[in-house]
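The structure appears below as structure tokens.
The values are calculated or read from the model by the stated rules, or taken from the named source; none is laboratory data. Predicted model only: the values in this text are computed from it and were never measured. Glycine also receives a Cβ, built like all others from the backbone with ideal geometry; neighbour counts cover every protein chain displayed.
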Amino acid sequence: MMFEELFSRLFKRHFKSSHFIAKIISVDKENDLCIVQEDEGVAIEEVRLVAIEGDYLSKQVTYPVIGSSVVVAQRYNRSTECYVTQCSEIESVKCQVGEFNMLLNKDGFVFNGGKNGGLINIRSLVNRINRLEERMSTHQHLANGSPTAPDPATNTPLTITQVSEIEDSTIKH
């Protein structure tokens, strides 16, 4: 082993930089923590996914993909005070601003828990309403007490609108 390589290894162990690259081993979404593994194979537990600790009404948390690479910063150069600053791959992002929240993942956006279902596709809804209005304006009436002959081309049965026809399920609110 060359002197430069030995010196580099010794320097790296005793004078750690304030940032290093690690691999995500596990993610704890409930507590916004993760376990990372350094290049040397050393696992570091309780690495924060949010740099500032506390119960704040507003915050943003990026959840990295397990197995992906992250940049970890050490607060005051202490290995017990670590937090993730960047991710090579993102599993999801949670954002809280006051009483409003948003979750973004591969399935789409969910606003405020998604209790109201998907966002309406307004063009689809307007097209369906327009067809219904056209249909209603041309429906058959009684003439002299007896019904007129139905026109099969314009009097096809109405279909019930399904939520999936007018909903964008990738955005929930």
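Numbers at a glance
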| quantity | calculated |
| --- | --- |
| Index of the failed condition, SER92 passing every other in (1) closer than 28 Å to LYS23 by Cβ; (2) free of Cβ contacts under 8 Å to residues at least 12 places away in the same chain; (3) surrounded by 13 or more Cβ atoms within 10 Å (Cβ to Cβ) | (2) |
| Qualifying residue in region 136-143 (condition: in a loop (DSSP other than H, G, I, E, B) and modelled with pLDDT of 80 or more) | no |
| Whichever residue in region 18-34 is free of Cβ contacts under 8 Å to residues at least 24 places away in the same chain and closer than 11 Å to PRO64 by Cα and, among such residues, is surrounded by the most Cβ atoms within 10 Å (Cβ to Cβ) | LEU33 |
| Test: residue in region 104-122 that is at pLDDT 95 or above, surrounded by 10 or more Cβ atoms within 10 Å (Cβ to Cβ) and more than 22 Å from SER18 (Cα to Cα) | yes |
| Out of LYS115, LYS29, LYS59, sole residue that is charged (D, E, K, R) and in the same structural domain as LYS172 (by TED's automatic domain parsing) | LYS115 |
| Residue satisfying all of: in region 103-118; in a strand (DSSP E or B), touching a residue at least 12 places away in the same chain (Cβ under 8 Å) and in contact with a Ser or Thr (Cβ under 8 Å, 6 or more places away or on another chain); farthest from TYR63 (Cα to Cα) among these | GLY118 |
| Index of the failed condition, LEU33 passing every other in (1) under 17 Å from ILE90 (Cα atoms); (2) modelled with pLDDT under 65; (3) of a type in the set (A, V, I, L, M) | (2) |
| Top-ranked residue in region 47-89 [being surrounded by fewer than 17 Cβ atoms within 10 Å (Cβ to Cβ) and of a type in the set (Phe, Trp, Tyr); ranked as farthest from VAL110 (Cα to Cα)] | TYR76 |
| Within region 27-69, considering residues that are among the hydrophobic types (A, V, I, L, M, F, W, C) and farther than 19 Å from THR80 by Cα, the one farthest from the chain's Cα centre (by Cα) | LEU57 |
| Qualifying residue in region 161-171 (condition: closer than 30 Å to SER18 by Cα, in a helix (DSSP H, G or I) and at pLDDT 80 or above) | no |
